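One structure is given here, and the rest of the page talks about it.
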Amino acid sequence: MARSLPTENTKTTTVLWLTGLSGAGKTTLADQVARDLRAAGQACFVLDGDNVRKGLSQDLGFSDADRTENIRRVAEVAKLMRDAGLTVIVALISPFRAERDAARTSIGNDHFIEIYLDTPLAVAEQRDVKGLYKKARSGELKNFTGIDSPYEPPLAPALTIHTETETPQQSAARVMQVLNVKGNR
Ligand code: ADP
């Protein structure tokens, strides 16, 4: 007689997709959420511009076509990591709606949570965490999102974060709430 198979673990993991201008707070929030998830015993990984563009996408620049290809690669890697049981936090400007939608389609709507860091350009530019706005304003850096390249805000994000009025810890707590409601399907 055939033995019954072990009960499958039905808990699945999620991709949190953080989008917003440079300096909006994506990396800061991603790192805080990663700390909170690890503290709760959930394995996770942050994919951001720094670790992706130094390796996987080191052959790509910032033209529209290259940005599209970068997002496609990140979505595919996020999908693989999710399959391996990680909660994946993607922290990329990802300025184009169509590409974020393509990532959602590739990853699967049920496992994709779009989070919009709605930091105004003036605030992000004032922070100028990496000095990139200064370079973009002087023309040293081309195709910089918000300056000479467009940013298309999400139309229906699962969560909108206003970083001027809350701390990264408060923002992360709101992300964790959404994850608890939507993340375990
Ligand atoms: P990005 O990854 O979007 O380019 P960074 O995370 O590198 O942005 O920088 C965002 C800056 O905004 C940091 O100096 C961070 O401390 C600050 N900040 C203030 N409030 C928040 C918040 N609620 N969430 C994230 N970052 C915040």
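The values are calculated or read from the model by the stated rules, or taken from the named source; none is laboratory data. Small disclaimer: the values here were computed from a predicted structure and weren't measured. Cβ coordinates were reconstructed from backbone atoms using ideal geometry, including for glycine residues, and neighbour counts include every protein chain displayed. When the accessible area is computed, the model is the full protein with side chains, heavy atoms only, and any ligands, DNA or RNA have been set aside. Shrake-Rupley method; radii C 1.70, N 1.55, O 1.52, S 1.80 Å.
Taken over the C-alpha atoms, the range 25-77 has Rg and Dmax values of 13.1, 39 angstrom.
How large is log10 I(q)/I(0) at q = 0.16, 0.19, 0.26, 0.31 Å⁻¹ when the Debye formula is applied to the Cα atoms of the range 140-185, each weighted equally and without solvent? So the normalised log intensities work out to -0.66, -0.78, -0.95, -1.06.
Available extension along the chain between Arg35 and Leu141 is 34.9 nm, counting 0.36 nm per residue and deducting the alpha carbon span. Here each label is just a point 7 Å from Cα along the line to Cβ, and for Leu121 and Arg97 those points are 1.8 nm apart. Of Phe144, Phe45, the order by accessible heavy-atom surface (1.4 Å probe, DNA, RNA and ligands excluded), from most exposed downward, is Phe45, Phe144.
For the peptides 163-169, 14-20, 67-73, the ranking by mean Cβ contacts within 10 Å, running from highest to lowest, is 14-20, 67-73, 163-169. Relative contact order of the range 56-185: 25 percent, from C-alpha pairs under 8 Å at least 6 residues apart in sequence. Pairs of Cα atoms nearer than 8 Å and 6+ residues apart set the relative contact order; for the range 12-85 it is 35 percent.
Residues whose amide H lies under 5 Å from that of Leu47, counting only those 5 or more places away or on a different chain, are Ile89, Val90, Ala91; hydrogens are built 1.01 Å from N in the peptide plane. Taking every Cα-Cα distance in the chain and sorting them into 10 Å bins starting at zero, the pair-distance distribution P(r) comes out as 9, 37, 35, 13, 3, 2, 1, 0 percent.
Kindly provide the helix-only [θ] at 222 nm of the chain, computed as the sum of -39,500 (n - 2.57) over DSSP H runs of four or more divided by all residues, to the nearest 500 deg cm²/dmol?
For the chain, the value works out to -13000 deg cm²/dmol.
With the full set of protein chains in place, find how many percent of the accessible area of the chain is carbon and sulfur; take the probe as 1.4 Å. In the chain, the share of accessible area belonging to carbon and sulfur is 54 percent.
Using 0.36 nm per residue and subtracting the Cα-Cα separation, the extra length available between Glu69 and Ala43 on full extension is 6.7 nm.
For Asp59, the accessible surface of its heavy atoms amounts to roughly 100 Å² (probe 1.4 Å, protein chains only, rounded to the nearest 10). Taking all protein chains as they are arranged and a probe of 1.4 Å, the heavy atoms of Asp128 leave approximately 40 Å² accessible to solvent. Within the full protein context, the accessible area of Tyr133 is estimated at about 0 Å² for a probe radius of 1.4 Å.
Its Cα gyration tensor gives the range 61-149 an equivalent ellipsoid, and the semi-axes of that ellipsoid, as √(5λ) in whole Å with the largest first, are 28, 14, 11.
Each residue of the range 31-111 gets 93 Å³ once the volume of the Cα convex hull is shared out per residue.
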